[in-house]
1. Across segment 21-33, in residue order, what do the Karplus-derived ³J(HN,Hα) couplings come to in whole Hz, using 6.51 cos²θ - 1.76 cosθ + 1.60 with θ = phi - 60° and x for Gly and Pro?
2. Shape call for the chain from the C-alpha gyration tensor, a ≥ b ≥ c root eigenvalues: rounded (a/c under 1.5), prolate (a/b greater than b/c) or oblate?
3. Going by alpha carbons, how many degrees (0 to 90, nearest 10) lie between the helix axis of 59-68 and the longest principal axis of the chain?
4. Using alpha carbons only, how many angstrom separate the centre of segment 131-161 from the centre of segment 1-79?
5. Give me the Å³ per residue figure for the convex hull around the C-alpha atoms of segment 124-188.
6. If each residue of separation counts as 0.36 nm, what is the full-extension length gain between residue 140 and residue 107 once their alpha-carbon separation is subtracted?
7. So what's the angle, to the nearest 10 degrees on a 0 to 90 scale, between helix 105-119 and the longest Cα principal axis of the chain?
8. Using label points projected 7 Å from each Cα along Cα→Cβ, tell me how many nm separate residue 172 and residue 196, to one decimal.
Amino acid sequence: MRILLAEDEPRIASDIAAVLKIAGMAVDIVRDGEAAWFAGDVENYDAAILDLGLPKLDGLVVLKRWRANARAFPVLVLTARGLWTERVEGINAGADDYLPKPFEMEELLARLRAILRRSAGQAAPVLKSGPLVLDTRQMRISLRGVAVALSPLEYRLLAFLMHHAGRVVSPTELSEHLYDSGNDRDPNAIEVIVARLRRKLGTDVIETRRGFGYFVPDEQS
């Protein structure tokens, strides 16, 4: 999962990014509203964490512009503003959830995971495809009840496919959601990661639609 983090306070941004990376996510950090609006408008993100009190362009304006341009990725709003009317305004502008400052990192991560699941049509924190189980809370993959150790890239790729189970995802789309903006996105590398996953999980866990991409079956049993 690839996350856009729009936060102008360096310490807070660094702390959040560290937590998200430990949780298996790729993170792009922007420091002001203009950069946030541009990044969210031209890049493909799974979700954004948006501080309302950004310099250059207010976070609420950024959110409204994203939604006006049909950018539908879920947005978790952060703010130190205390008025409930401002929180309502944020929700009405298109925010998916709201977290006032100060906050605990565990709550931020739980809320982010929840909006990621909802945006993919998944309600439960445990995702299943046949004998394959992904516990998003513990970042734990098991196959027929046996835990399987994955690298961060392997985990991110498999998690993206399982969040979108039943949908064929192209190598280009996978690379866009697998890496942050500081990494080269080589769709050919996706084939290598899929091959490693198949060696660990079996050849039938990730299926190929030649010329289109990869998918995991949408099976809940």
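None of the figures in this text is laboratory data; all of them are computed from the coordinates on show. What you are looking at is a predicted structure, and each value in this text was computed from that prediction instead of being measured. Reconstructed Cβ throughout: ideal geometry from the backbone, glycine too, with neighbour counts over all protein chains shown.
1. 3J(HN,Hα) across segment 21-33, in whole Hz: 5, 4, 7, x, 10, 8, 10, 10, 9, 10, 10, 9, x.
2. prolate
3. Its long axis makes an angle of about 60 degrees.
4. After rounding, the separation between the Cα centres reads 26 Å.
5. Enclosed volume per residue, from the Cα hull, is 102 Å³.
6. Net length gain for the segment: 10.0 nm.
7. Its long axis makes an angle of about 70 degrees.
8. 2.5
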